[in-house]
Amino acid sequence: MANELAELLRRLGAHARQLEDTQSLDEFQRQAAEVCGACELTLQQLALARTALKDTTPSTWEALGDEGVVLADAVKTVNALMRFGKGAQPYIAAALYSWLLRAPSSPAHFLMDGLNFSGFMQRIKDACCGAAASASKGGAAGADAASQEEGGGASAARDTADETAVCLAFEAVANLAALLGSVGVRSCEDVRQLCAEVLPELAACSRVAKATAAGRAVGLSSGVIRDAAYEAMAALLNPRHGSAHETAASLFPRLSNVMLGAAPAAGGGRKGAADASAIRTAACTFVCEALGRQPEVQEVVAALARHVCLKAPDRAEPRANAIRAAATMVPLLAQWEQDQFIGQRCLAVGLARELLMHLPEPFQQSTFQQAADAGAAADASGERGAARDVVPAPWSVVCLAALLHRCSDKSAIVRARALSDLSEVVACFGELLARDPASDEYRVAERFVAGLVAAAHLELPKPAASTNGPKAQRPRRRAASAGGGESDGEADADGGGGGGRGGAEGMEDLGPLLSLVHRRCADPKAAVRKGALQLLVEAVTMRAGWQGYPRQLPGSQDLVLLEAATMDPLVSVRKAALVALSRLVELLPLEPTLCAAWVRSALPLVRDPESSIQESVLEWVQSLLLDRAAAGTAAGAAPDGEDAAGEGAGASAAAATELRPLLAAVAGVGRAAGACLGRVCAALNVKGKLAGKKVARGLEAFVAGVPSGSPEALGAWALLREVAAQQPAAPSWQFLQQRWGELQRAAAAAAHHGEDGGGGDEGEGSGAAGALAEEGALLLLVISAAAESFPPAQGAALASQLLQAILAFNLPPAAAAAHIAALSKLTSGGAPAPGVGAPEQWCRQAYAAVHELLHQYVGGAAAQQNPHQPGAAAARARRRAAAAVFAAGELALLRVARPPGGLTVLLQALTAPRLLPGMAAAAAGCDDDAAMVDAGVPAPGGEAGEEGSGAAAGAGVVGVDVPVSLQGHAWISLGKVCLVDEPLAKRLVPLFVQVRRRAG
């Protein structure tokens, strides 16, 4: 036999000379394929080698070396056959490799390198797990179909080859177990890691090696792959291979899927179920036996028990499997491990939810009546001691108490699971409160609320140290006190307990529940915060929809917590907060504070870096804003929210009524909300989901039905502006022109009324005039976005009106900016408008008007000192100067005409705190910025500011103070001019730095 073994190894070594390690991967694979085709390795040769390797001695290996056998070359060829062989070659090579490792006195460490061993383990895995997966997917129907297509002979040959591969794999695993039982692999970290990864997968295999008569003739044997894998894992836990604790930490977590039944067994029906049960039982038995042999793995076993319970899928079978696995392992643990075991509490939470939601009639009247009668009997007895503590609690209240108590569990996983499960229970029964108060479902929901309040005062039994008592502990409902004692292993996360008020007053009071939720919303763990948000929404929704009682809307603390959650650092919490706020707005659309919170906190999440949150924001904005606006096309919103005639008109009026608070909130938040809506509309337009025309028609109808200048109108214009920015043809130019005329007439009437009333201080006017001006500014922004839809004649007429309004210099800054932007859009890209001209022409005209007005204002500084100068006239002059200064900056940003040098000098003059006599005359001769110092105007680096003004006053020169608001406008406009004039910016940088340093 030794001669046949030497000849086989010599032939394998000869083929290794064709494999060059320096070649590329493709070239090596080609060479390996050639070797596999030229090398013949049969079951008969394996049988001869097996017989020879069973009884080897050190002299046997020395004799092989003397005969010229190089084991390294032979193993190199075996590795190529395992990786690239065809048919049965890879499995025969794997079996031969396992015998070379297992043989007595074998140089196993020399042969067991990572590359060869990885190919060996991969081939075993393919033979066992691949065949099992194929059998489980194909089944009998697949086999029958294959038989019909290929013929009975081909199918039989394939089945024989499959059985042979499984028998060879079983032989290889058995040899591996024998090797690990005799040879330590402490120094082979990669080998240990490969065993820890592959052996648990083999343990989930239900294949059985069944050797045929032909197989038995060549030495193949039958056996169960799973048993051989567990033998190998048991040997791997031996301390000779390293720390048993570390090895168990690598092995045991991979067995959790086996214990939960997640690893599929081959076949189906009763046999498949029996195989799955046998696989789970074998895994639990192996872990328990390993704990008995190696006590140091106790901590790993405890971790595995917790892992199985906490990671069990939310389905009945895996949950039952987790319970069985935990019940098998936990009794073997030490007492301190049992006390710290939290999986049982987590499973209890899931069980309580299942009982409440799936058992029939959890809140029966008879059950509650029995508890009430027992409590009444205790009260009638007049005893205050133990007699009051024997009030039995209904099982449904006990389940609710378990959920409430676990919401304050010390384990974050248990807290999160309890909050999530309790939110599902509250949602299930809370919706019944919105039904008819005379219905049976409503009465069941009322008893649920009563049970929820009573559960906060229920004291659950403590785990007893011994069970010698004649009666088991039963849950008791304490009549007056709140909270309940807990064992050390179930301590509260924050020491708060689950208490609340007792007595009849507390039976309809959800304050304790909300107080608990508020604490959990600030929990340091993200999963707990997410569950708390879900419970908060369900509780608030239940209170708001409770029929027969005054509606209780979300409180300020509820909204503060929801808004804070939208800024949480974790994605899951932000997503939960977005859904929570949006659901509340959907259910309570007429609540202004809730709508304002949604616009402030949920809408900005469109800028969130997480794409899924962005998509969710798009969906909610589409549902809450755009769809409601589109639904208002048929009928506008009446000021008092009256229903219009007809079903369609009624739906439109209802949609408009629900839209009012949201649009008012958009107006209240201001530009930040507009920017977010712009991103939403842009994203929806890219996706083709923005129905621009329908939304624009609905918003136009809405604006026509609300008072001008109201917050609702301002919000509608802000939304319409963003829609028009994406689809310029969406708004109706007739409506925009009509609305512009109405606003112009209303503004003129308000201005005339203000003049008759005696005028006022500088500013944007009274409240009504300011609101009209703000709406006009928004309307002009819509017009600027939709300018291309205006016919030429109407566009020219509107452009002429806008230019006249700009040159009048009576507009507040926002309206002036909107006028200039709209005029620029109307006159760009087409023939010059009659009376207005091209953008460059009217810009130069506006610059000239600004220059003239500022020159008159600066030149009239001495006249403003006259005490007989009317105050109203002086205020109007200051307002016009401020409007002209602001207009100069906006004109500069258009970049169509360069501002004249004299205008820049006047702007610099107005940045000084005081205007000196003669400054206007000096500035009139300055055509560029270089003459500023000679003109006496504050120049870069000069003695401008308070020092210069003080020196002038000391010299007897009288000046006039420049209003602070006008100085601010001058600085801003000067900065805008510098943005488009680089040489000027370079000269003015020292002045900006000097003023900034003085201000700081």
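Working only within region 700-722, note down all residues that are within 21 Å of GLN794 (Cβ to Cβ) and open to solvent by less than 50 Å² (accessible area, probe 1.4 Å).
Of everything in region 700-722, those that are within 21 Å of GLN794 (Cβ to Cβ) and open to solvent by less than 50 Å² (accessible area, probe 1.4 Å) turn out to be GLU700, VAL703, TRP717, LEU720.
Taking the stated definitions as given, is LEU594 over 27 Å from GLU441 (Cα atoms) and modelled with pLDDT under 90?
Spelling it out, it is not the case that LEU594 is over 27 Å from GLU441 (Cα atoms) and modelled with pLDDT under 90.
Given the residues ARG192, ARG226, ARG240, which is the only one that is open to solvent by 50 Å² or more (accessible area, probe 1.4 Å) and either modelled with pLDDT of 85 or more or over 23 Å from SER106 (Cβ atoms) (or both)?
Exactly one residue qualifies, and that residue is ARG240.
Go through (1) open to solvent by less than 40 Å² (accessible area, probe 1.4 Å); (2) at positive phi one by one and return the number of the condition TRP61 breaks.
All conditions are met except number (2).
Could you list, in sequence order, all residues of region 81-107 that are crowded, with 17+ Cβ neighbours inside 10 Å, farther than 13 Å from LEU168 by Cβ and not aromatic (Phe, Trp, Tyr)?
Result: ARG83, LEU100, LEU101, ARG102, ALA103, SER106.
Can you confirm whether VAL537 is within 26 Å of the chain's Cα centre (by Cα), surrounded by 21 or more Cβ atoms within 10 Å (Cβ to Cβ), of a type in the set (Val, Ile, Thr) and modelled with pLDDT of 75 or more? Before you say what the answer is, go through the steps one by one.
On the way: within 26 Å of the chain's Cα centre (by Cα): yes; surrounded by 21 or more Cβ atoms within 10 Å (Cβ to Cβ): yes; of a type in the set (Val, Ile, Thr): yes; modelled with pLDDT of 75 or more: yes.
In short, yes.
Quick check, is ARG192 part of a helix (DSSP H, G or I) and in contact with a His (Cβ under 7 Å, 6 or more places away or on another chain)?
Yes.
Looking at the structure I just gave you, is LYS986 outside any loop (DSSP other than H, G, I, E, B), at pLDDT 85 or above and open to solvent by 70 Å² or more (accessible area, probe 1.4 Å)?
Answer is yes for this residue.
Determine whether ALA656 is part of a helix (DSSP H, G or I), touching a Phe, Trp or Tyr at 6+ places or on another chain (Cβ under 7 Å) and open to solvent by less than 10 Å² (accessible area, probe 1.4 Å).
For ALA656, the condition - part of a helix (DSSP H, G or I), touching a Phe, Trp or Tyr at 6+ places or on another chain (Cβ under 7 Å) and open to solvent by less than 10 Å² (accessible area, probe 1.4 Å) - is met.
Which of the residues belonging to region 429-442 are part of a helix (DSSP H, G or I) and surrounded by fewer than 17 Cβ atoms within 10 Å (Cβ to Cβ)?
The first filter runs over region 429-442 and keeps only residues part of a helix (DSSP H, G or I), leaving 429-434, 440-442.
Those that are part of a helix (DSSP H, G or I) and surrounded by fewer than 17 Cβ atoms within 10 Å (Cβ to Cβ): GLU431, ALA434, ASP440, GLU441.
Whether any residue in region 255-276 is of a type in the set (A, V, I, L, M), open to solvent by 10 Å² or more (accessible area, probe 1.4 Å), assigned to a helix (DSSP H, G or I) and at pLDDT 85 or above is what I want to check. First the steps, then the outcome.
At the first step, the residues of region 255-276 found to be of a type in the set (A, V, I, L, M) are 255, 258-260, 262-263, 265-266, 273-274, 276.
Then drop every residue that is not open to solvent by 10 Å² or more (accessible area, probe 1.4 Å), which leaves 260, 262-263, 265-266, 273-274, 276.
Okay, now just the ones that are also assigned to a helix (DSSP H, G or I), so 260, 273-274, 276.
Narrowing further to those that are at pLDDT 85 or above: none.
The answer is no, given that none of the residues of region 255-276 is of a type in the set (A, V, I, L, M), open to solvent by 10 Å² or more (accessible area, probe 1.4 Å), assigned to a helix (DSSP H, G or I) and at pLDDT 85 or above.
In this structure, is GLU289 of a type in the set (Asp, Glu), out of contact with any His (no Cβ under 8 Å at 6 or more places or on another chain) and farther than 21 Å from MET233 by Cβ?
No: the conditions fail for GLU289.
Select from region 214-233 the residues that are over 28 Å from THR285 (Cα atoms) and in a helix (DSSP H, G or I) and list them in ascending order.
ALA214, GLY215, ARG216, ALA217
Taking interchain pairs and intrachain pairs at least six residues apart, which have beta carbon atoms under 7 angstrom, with the first residue in region 33-48 and assigned by the TED database to the domain that holds TYR91 and open to solvent by less than 60 Å² (accessible area, probe 1.4 Å) and the second assigned to a helix (DSSP H, G or I) and among the polar types (S, T, N, Q)?
VAL35/THR77; CYS36/GLN89; CYS39/THR77; LEU41/GLN89
Restricting attention to helices (runs of 4 or more DSSP H) lying wholly within region 1-70, give those where 2 or more residues are under 20 Å from ARG102 (Cβ atoms).
2-16, 43-53, 58-66
The values are calculated or read from the model by the stated rules, or taken from the named source; none is laboratory data. Fair warning: this is a prediction, and the values are worked out from it, not measured in the lab. For neighbour counting, all protein chains shown are included, and Cβ atoms are generated from backbone atoms with ideal geometry for every residue, glycine included. These accessible areas exclude ligands, DNA and RNA; they are computed on the full protein's heavy atoms, side chains included. Shrake-Rupley method; radii C 1.70, N 1.55, O 1.52, S 1.80 Å.
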